[in-house]
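Report on the following structure.
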Amino acid sequence: WWEEYIYLRGRGPIMVNSNYFAMDFLSLYPTTLQAARAGNVIHAILLYRRKLDRQEIKPILLMGSTVPLCSAQWERMFNTSRIPGEESDTLQHVKDSKHIVVYHKGRYFKVWLYHDGRLLRPREIEQQIQRILDDDSEPQPGEEKLAALTAGDRVPWAKARQAYFSRGKNKQSLDAVEKAAFFVTLDDVEQGYRKEDPVRSLDAYAKSLIHGRCYDRWFDKTFTLIIFKNGKMGLNAEHSWADAPIIGHLWENVMATEYLELGYSADGHCKGETNPSIPLPNKLQWEIPEECQEVIEKSLSTAVALADDVDFCSFCFDTFGKGLIKQAKTSPDAFVQLSLQLAHYRDMGKFSLTYEASMTRLFREGRTETVRSCTVESCRFVQAMEDPAESTENKLKLFRLAAAKHQHLYRLAMTGAGIDRHIFCLYVVSKYLAVDSPFLNEVEPWRLSTSQTPQQYIDLKKNPEMLSSGGGFGPVADDGYGVSYMILGENSIHFHVSSKVSCYETDSHRFGENIQKAMVDIMGLFNPSKNCTK
């Protein structure tokens, strides 16, 4: 029911509303050559797929225990695409795929991943990618903006797919995209964190990953790998097949393999030799009639309006991190969540129902459960923080109570004792029976939606330069905020805040500043005599 009703039956755009993104290393540039970065990263992804196919990836264990989490979500990571339907979408998974599809400057190319019965090596993939970059052919009519169909409403895309892509060369080419191992975009702009302009560069980078130009990512593929002109990269992931920690595991593995194992030669190319005997990538052939081009344009205008309405603020909080929070004998997640409650109250002047995603993979095929972070205890703490007459001692006491309540709720959610998936099922049944429930109408609207991205694979103590920025998602409510955060090593936390430009109440940068101030103010309770900043 979760997969079907929350994801596949949604008829609005999945871009921004459902898909999410993952970022590259924050300041590390393994190479500035676009084709070389693509060569190593595509090869690393394929090594991960091979391990997955051979069942060599060990199940993730619950932190500090021998209890494995369910691995079912890994099954559809590759060779999978979301297929639009008029009433409901479906997920199409093929057992194996020997190619990827690459988009560059409006053209689609099919790239074979094997030669002489073996996987292409990084330098050979780099060569194939360079051949695409060097190809100066023009897009065919309707080809350049074709992927806008995956960015707009689902029904027009379902109808167009049936009418224009169910036979001939269009079917063949669409098949190549949908049955590809994954999708790659070679972007012709530069992105990534710039020290001289940290705020704007990270915001632009996040917006590029979550929506791009709305026609240069294939939003229906399980993930699109995006390689920018300056060698920076990122992922855009479809949400129905799995939750963010699964993509996170792939991504951290790939970044570690690329940086620590594959490496680059001194001139920035992949190591190894080119291979002129490998055939050129195939250009996909399309015959897109004018009436289909009109549908594409309509989908594009829907998507552009949605993309332009995304207000994004991405920042690295490095005043302190997990190290100092643990010295205060507090759970880092509870600390961040209570900071978000204080920041939200200061930002909006009120409390709102808050959603924090927790995983339920202790159970077979478990996905997520909601931790309702806005509690009676958290509200009391926030009100005390805003009352100048309150003593520090009492504020601390209320903080401890609120943090303990949060951890208790998190444990309940993880161990199958949450309430929201139960409520969700009641909601499905109420719709089926056509029963209107005032109770169900009241419990669901989340104004603040939050999620922590776990660090699972990269060891920042050993390799501090491999600091990543995590990933993020779009706003869940028209009048609310989406907040994703990643606790990085001991000393920093990366936040991604999203909201809608069209909402006059919200402002992602204002909320970002409120988060930073709330974090510092709460830490000040533990050490009022000392400045907790660097």
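The values are calculated or read from the model by the stated rules, or taken from the named source; none is laboratory data. All values derive from a computational prediction rather than experimental measurement. Backbone-built Cβ (ideal geometry, glycine too); neighbour counts: all protein chains shown. In case anyone asks, the SASA skips ligands and DNA or RNA and just uses the protein heavy atoms, side chains included. Shrake-Rupley method; radii C 1.70, N 1.55, O 1.52, S 1.80 Å.
Evaluate the Kirkwood expression for the hydrodynamic radius of region 1-140, namely the inverse of the mean inverse distance over all pairs of different C-alpha atoms, and round to one decimal in Å.
Working: mean 1/r = 0.0546 Å⁻¹.
Averaging 1/r across every pair of different Cα atoms and inverting gives 18.3 Å.
Would you work out if region 188-334 is rounded, prolate or oblate? Take a ≥ b ≥ c from the square roots of the eigenvalues of the alpha-carbon gyration tensor; rounded if a/c is under 1.5, else prolate when a/b is larger than b/c, oblate otherwise.
Oblate, since a/c reaches 1.5 and b/c is not below a/b.
How would you order 82-93, 388-399, 12-23 from highest to lowest mean count of nearby Cβ atoms within 10 Å?
Working: 82-93: 17.0, 388-399: 13.8, 12-23: 23.5.
The densest-packed peptide leads the list: 12-23, 82-93, 388-399.
Are any of the pairs 95/159; 395/517; 159/298; 51/95; 195/221; 329/397 more than 22 Å apart by Cα-Cα distance, and if so, which? Provide the component values of the computation, followed by the final result.
Working: 95/159 27 Å; 395/517 16 Å; 159/298 13 Å; 51/95 15 Å; 195/221 33 Å; 329/397 13 Å.
Correct reply: 95/159; 195/221.
Quick one: 3J(HN,Hα) in Hz for region 313-324, Karplus 6.51/-1.76/1.60 with θ = phi - 60°, rounded, Gly and Pro as x.
So the J values, rounded to whole Hz, are 9, 10, 8, 9, 8, 10, 5, 7, x, 4, x, 5.
How much accessible area per residue does region 113-169 have, in Å², with a 1.4 Å probe?
44
Report the charge-dipole magnitude of region 1-310 in Debye, nearest 20, computed about the Cα centre from +1 at each Lys and Arg Cβ and -1 at each Asp and Glu Cβ.
Working: 39 positive and 44 negative charges, 146 e Å.
Here region 1-310 has a charge dipole of around 700 debye.
Before I look further, what does region 318-525 give for accessible area per residue, probe 1.4 Å, in whole square angstrom?
Numbers: 9360 Å² over 208 residues.
Result: 45 Å² per residue.
Could you size up the charge dipole of region 318-525 around its Cα centre, putting +1 on the beta carbon of Lys and Arg and -1 on that of Asp and Glu, and report it in debye to the nearest 20? Walk me through the numbers on the way to the answer.
Details: 23 positive and 24 negative charges, 137 e Å.
Rounded to the nearest 20 debye, it is 660 debye.
Scan around residue 354 for amide H atoms under 5 Å from its own, H built in the peptide plane at 1.01 Å from N, and keep only partners 5 or more places away or cross-chain.
Under 5 Å from the amide H of residue 354 lie the amide H atoms of 373, 374, each far enough along the sequence or on another chain.
Give me, ordered by chain and number, the residues 5 or more places off residue 191 or on other chains with an amide H under 5 Å from its own placed amide H.
Under 5 Å from the amide H of residue 191 lie the amide H atoms of 229, 230, 232, each far enough along the sequence or on another chain.
Would region 1-310 count as rounded, prolate or oblate if I go by the C-alpha gyration tensor, calling it rounded below 1.5 in a/c and otherwise prolate when a/b exceeds b/c, oblate otherwise? Write down the numbers at each step before the final one.
Numbers: a/c = 1.34, a/b = 1.17, b/c = 1.15.
Judged from the Cα gyration tensor, region 1-310 comes out rounded (a/c under 1.5).
Would you mind checking the tilt of helix 34-53 against the longest principal axis of the Cα atoms of the chain, expressed as 0 to 90 degrees and rounded to 10?
Taking Cα atoms only, the helix is inclined about 80 degrees.
Please list 3J(HN,Hα) in residue order for region 464-472, calculated via the Karplus relation 6.51 cos²θ - 1.76 cosθ + 1.60 where θ = phi - 60°; whole Hz, with x for glycine and proline.
Values, residue by residue: x, 6, 7, 4, 9, 10, x, x, x Hz.
Please list, in order along region 150-161, the HN-Hα scalar couplings obtained from phi with the Karplus expression 6.51 cos²θ - 1.76 cosθ + 1.60 (θ = phi - 60°), rounded to whole Hz, x for Gly and Pro.
Each residue's phi maps through the Karplus curve to give 7, 9, x, 5, 6, 5, x, 5, 4, 5, 5, 4 Hz.
May I ask which residue of 337, 317, 296 lies farthest towards the positive end of the charge dipole of region 247-393, with charges of +1 (Lys, Arg) and -1 (Asp, Glu) on Cβ and the Cα centre as origin?
Toward the positive end, the furthest listed residue is 337.
With the cut-off at 1.5 for a/c, could you classify region 379-478 from its C-alpha gyration tensor as rounded, prolate or oblate? Mind showing how you got there, number by number?
Details: a/c = 2.17, a/b = 1.24, b/c = 1.75.
Note, shape of region 379-478 comes out oblate.
Taking the dipole about the Cα centre of region 318-525, with the C-beta of Lys and Arg at +1 and of Asp and Glu at -1, give me whichever of 519, 453, 388 is farthest to the positive side.
My answer, from the dipole projection, is 453.
With the full set of protein chains in place, find how many percent of the accessible area of region 318-525 is carbon and sulfur; take the probe as 1.4 Å.
On the way: 5090 of 9360 Å².
In region 318-525, the share of accessible area belonging to carbon and sulfur is 54 percent.
Less than 10 Å Cβ to Cβ from residue 384, Lys/Arg counted +1 and Asp/Glu -1: what total charge do the surrounding residues give? Mind dumping the intermediate values first?
Values: positive: 380, 395, 397; negative: 386, 387, 390.
The answer is 0.
How much of the DSSP bridge set in the chain is antiparallel, in percent, rounded to the nearest 5?
Working: 50 of 66 bridges.
Taking every DSSP beta bridge with both residues in the chain, the antiparallel ones total about 75 percent.
Of 151, 137, 73, whose Cα points farthest to the positive end of the dipole of the chain (charges on the beta-carbon: +1 Lys, Arg; -1 Asp, Glu; origin at the Cα centre)?
Of 151, 137, 73, it is 73.
Express the carbon and sulfur contribution to the solvent-accessible surface of region 1-310 as a percent, rounded to the nearest whole number, probe 1.4 angstrom. Display every interim value, and only then the final one.
On the way: 6400 of 12630 Å².
So the carbon and sulfur contribution to the accessible surface is 51 percent.
Considering just Cα atoms, how many Å³ per residue does the convex hull of region 409-534 enclose? Could you put the intermediate results ahead of the total?
Values: hull volume 23.1 nm³, N = 126.
Hull volume over Cα atoms, normalised by residue count, gives 184 Å³.
Against the longest alpha carbon principal axis of the chain, how many degrees, from 0 to 90 and to the nearest 10, is the axis of helix 244-256 turned?
60
Once you charge only the Cβ atoms, +1 for Lys and Arg and -1 for Asp and Glu, what is the size of the charge dipole of the chain about its Cα centre, to the nearest 20 debye? Walk me through the numbers on the way to the answer.
Working: 64 positive and 69 negative charges, 302 e Å.
Magnitude of the dipole: close to 1460 debye.
Quick one: work out the % antiparallel among DSSP beta bridges in region 1-310, nearest 5.
Working: 26 of 34 bridges.
Antiparallel bridges make up about 75 percent of those DSSP assigns within region 1-310.
Roughly how tilted is helix 392-414, in degrees to the nearest 10 and between 0 and 90, from the longest Cα axis of the chain?
The angle comes out at about 40 degrees.
Ratio of Rg to Rh for the chain, alpha carbon only, Kirkwood? Walk me through the intermediate numbers first.
Working: Rg = 23.5 Å, Rh = 24.2 Å.
Using only Cα positions, Rg/Rh for the chain is 0.97.
Once amide H atoms are placed 1.01 Å from N in the peptide plane, what residues at a sequence separation of 5 or more from residue 500, or on another chain, have their amide H within under 5 Å of its amide H?
311, 480
Please state, as a whole number in µm²/s, the translational diffusion coefficient that the Stokes-Einstein equation yields for region 318-525 at 25 °C and 0.890 mPa s, with Rh defined as the Kirkwood radius across alpha carbon pairs.
Details: Rh = 18.1 Å.
Rounded, D is 135 µm²/s.
Taking the highest mean first, how do the peptides 318-325, 236-243, 173-180, 55-62 order by number of other beta carbon atoms within 10 angstrom per residue?
On the way: 318-325: 17.8, 236-243: 23.4, 173-180: 20.5, 55-62: 12.1.
Highest-to-lowest ranking by the protection proxy: 236-243, 173-180, 318-325, 55-62.
Considering only DSSP states other than H, G, I, E and B, which trypsin sites (Lys or Arg not before Pro) in region 423-518 qualify as loop sites with at most 16 other Cβ atoms within 10 Å?
Loop-located and lightly packed - 461, 462.
Just order 335-343, 291-299, 119-127 by mean Cβ neighbour count inside 10 Å, highest at the front, would you?
Most protected by this proxy first, the peptides run 335-343, 119-127, 291-299.
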